[in-house]
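This report concerns only the one structure given below.
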Amino acid sequence: MNNALAIQDNFAQALSQHQAGKLLLAQQGYEQVLREQPQHFDALHLLGVVAQQLGDNSRSVRLISEALQIDPHFVEAHFNLGNALSALGQHASALASYESATALRPAYAEAWFNYGNTHFYLQQLTQAVPLYQRALSLQPDNAAIERNLATALLALGDYAAAIAHFDAALRLVPSTPECHYNRANALTQLRHYAAAAAGYDQALQLRPQYELAPGLAQHMRMRLCDWTGFEAATCNIASGMAQDQLVTPTFPALALFDDPALHRQAATRFSKTLPDKALAAIPIHIHSPDRKLRVGYFSAEFHEHAVANQMAGLYELHDRSRFEIFAFSLAPPKHDAMRERLQATFDGFFDLHNASDQSVVDLARRQGLDIAVDLNGYSGRGRPAIFALRCAPVQVSYLGYPGTTGSRFMDYLLADPVVIPDTHRDHYTEKLIRLPGSFMVNQAQRPIADHHFERRDFGLPERGFVFRCYNNSYKILPDTFACWMRLLQQVQGSVLWLLADGDQASAKLRAAAAAHGIDPERLVFSGHLPMAEHFARNRLADLFLDTFPFGAHSTGADALWSGLPVLTRRGESFASRVCASLLTELGLPELIVDSAEDYEATALRLARNPTELAGLRERLWSQRQSCTLYKPSIFVCQLEQAYLAISQRAARGEAPDHLEIEP
């Protein structure tokens, strides 16, 4: 009896030390109890809790597991075991522990919450959401649950619901920078750019060093064409990038700076946030005549979208006697005619928008891919972690992101000698595959509607020169816009025909025009049309004015196919040289300039010389039919030549190297 009382007294003292936060003393006390009574459940369990609190999760798992052998119905022990297993990265086992805890006590909110967190960590978002909702029903005023539920809904693309739960979390704890930041991310997807900018600004007020927020806030203002404080904000972002700070995503930086060295620095900094796996883990298949090369295309745009419009013909023209092609769709499906067309094209089409990065990688490896092609990169809904985790022995970046990934995991970048000349190679971490013509694939013989549009159909004047730019609003920088306004001043009766990229952006541009002394009505805005009608509409314009430093890409190719000349300023960065690549392939170098002064002078000269412009239009119309730019069959042959070369190189155990494809 005295021994039992002594054990009880020792346990009470250890528990008191534990509750007081004196973990080492508590540990000694629990160990003393276990020396006296090795099967003491509470001492085993709480010693495991102390081990976890001290960071020794392996010991914690062992001790709590031993305790559960004594009493498998103790709810908190299952919960604490789940926490220790999660800390060790043993998430599948942790899920089982949380499941046991919630089964034993259905009203255990903390267990439901951590159950959801573990699914979230595994990117099993559809499983995480109902678990968070169950936890929230038990603790309706818990800001952490609201925040995590909102974040899961954001990742699933349910933006309105995500915002509602972020709002609820902020009502409970207004000073949570993560809530403001992620709420802004959701607002961005819904095109509520002003509110998104305010959200990023609020996150920065609460945490001045909030990573990526300065660049995102600036990008939102650029989408609105709100240039208030533009120079100061841009200088601050450039300064942070130069100091290797993660101040902006890489994509917005392309529209701010014509500096491929700075782009590489930003991309390299961002790539360090991603996992990094060794190539040795991926089996490399030796290509032989009796085995087709297996190529996987990874994209969030396997539906009606610029990338899909450009790539559809490429997919269909692959030589199926030598290649098998697979689509890895990374975004929620949009069921339209383009998606139906693409689903019928591939040898395998995988809808993976709900799959974790690791699950996508596992699937790609099971398919035995030789080459994985990333069509998103650091843009849009790209998922670069899939490539950081190594989904194929050879990985290629193409089309969606015009720049370097700055990473060790991307082996090749598909380009051409115009977008990346020899002198620029050092700005790219990837080895270059340079095609002899333009790197940009385009569909052949895209129909142009027979509909005879009149200028009045779009609010354009019957007479007068029509300058055209259909680029997104964030590509329009103040210096470029000032140039356009000077052109309107000097070309009497001219108008500037722009993309209607939201009412706020249009209003800002009209106000900016008035500030330059230009009648705001000389800015005309039009929205999207089906592509065939868009091509026909383009013919109403006289000259397409490209933006700088992020120029037109697919938009430029579309304008040229329409027969509309494009004037572009060639810079140093990939993003600024795409139209130069297209025009070089078309044999129209007169439309490529290398300075702001030449850009303005050339636009003015063409507007004042209808004969010269008509000659350019005639040449464009003729040469677009004969050049390889709109002949994807030639492009695909060159691309397949590249695929075979880089896969054979890998099979020989050779490191990636630059590759020049001959005509």
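Counted by neighbouring Cβ atoms within 10 Å, the residues Val295, Val593 run from fewest to most as Val593, Val295. Taking every C-alpha pair closer than 8 Å and separated by at least 6 residues, the mean separation divided by the residue count of the range 213-271 gives a relative contact order of 36 percent.
Between the Cα long axis of helix 260-271 and the first principal axis of the chain there is an angle of about 20°, rounded to the nearest 10. Secondary-structure-derived ellipticity at 222 nm for the chain, considering helices only, amounts to -16500 deg cm²/dmol, per-run term -39500 (n - 2.57) for DSSP H runs with n ≥ 4. Stretched out straight at 0.36 nm per residue, the stretch from Leu54 to Ser175 would grow longer than its current Cα-Cα span by 40.6 nm. Selection among Gln19, Leu95, Gln53 by position relative to the dipole of the range 2-140 gives Leu95 as farthest towards the positive end (Cβ unit charges, Cα centre). Comparing Ala111, Phe481, Ala655 along the charge dipole axis of the chain, the residue lying farthest to the positive side is Phe481, per the Cβ-charge model. Simple point charges give the picture: +1 on the Cβ of Lys and Arg, -1 on the Cβ of Asp and Glu, and for the chain a dipole about the Cα centre of about 480 debye.
With Cα atoms defining each centre, the range 438-461 and the range 138-173 are spaced 44 Å apart in the structure.
Sequence-distant contacts, meaning Cα pairs under 8 Å at least 6 residues apart, place the relative contact order of the range 468-508 at 58 percent. The order of the peptides 36-43, 443-450 by mean Cβ neighbours within 10 Å, most packed first, is 36-43, 443-450. In summary, the lysines within cross-link reach of Lys272, defined as a Cα separation below 29 angstrom excluding same-chain residues under 8 places away, comprise Lys431, Lys475.
How do Ser494, Ser93, Ser633, Ser562 rank when sorted from fewest to most other Cβ atoms within 10 Å of their own Cβ?
Values: Ser494 19, Ser93 16, Ser633 11, Ser562 23.
Ordered from fewest to most neighbouring Cβ atoms within 10 Å, Ser494, Ser93, Ser633, Ser562 come out as Ser633, Ser93, Ser494, Ser562.
Taking other Cβ atoms within 10 Å as a rough exposure proxy, Phe74, Phe465, Phe544 sort from fewest to most as Phe74, Phe465, Phe544. Under conditions of 20 °C and 1.002 mPa s, the range 509-663 yields 119 µm² s⁻¹ as its translational diffusion coefficient, taking Rh as the Kirkwood radius over Cα pairs in the Stokes-Einstein equation.
Relative to the Cα centre, the charge distribution of the range 2-140, modelled as +1 at Lys and Arg Cβ and -1 at Asp and Glu Cβ, gives a dipole magnitude of about 260 debye. Note on the range 2-140: Kirkwood radius taken over Cα pairs, Stokes-Einstein applied at 10 °C and 1.306 mPa s, translational D equal to 102 µm² s⁻¹. When the Cα positions of Gly459, Val419, Gly229 are compared along the charge dipole of the chain, Gly459 comes out farthest toward the positive end, with charges on each C-beta of Lys, Arg, Asp and Glu. Working from Cα pairs under 8 Å separated by at least six residues, relative contact order for the chain is 10 percent. Here Lys508 is the anchor, and the aspartates and glutamates within straight C-alpha reach of less than 14 Å, apart from those fewer than 8 places off in the same chain, are Asp226, Asp519, Glu521. For Lys292, a cut-off of 15 angstrom between C-alpha atoms picks up these aspartates and glutamates, skipping any fewer than 8 places away in its own chain: Asp319, Glu324, Asp347, Asp370, Glu640.
We did not get these values from a lab; they are worked out from the coordinates using the rules stated. Keep in mind that this is a model prediction, so the values were computed, not measured. Glycine also receives a Cβ, built like all others from the backbone with ideal geometry; neighbour counts cover every protein chain displayed.
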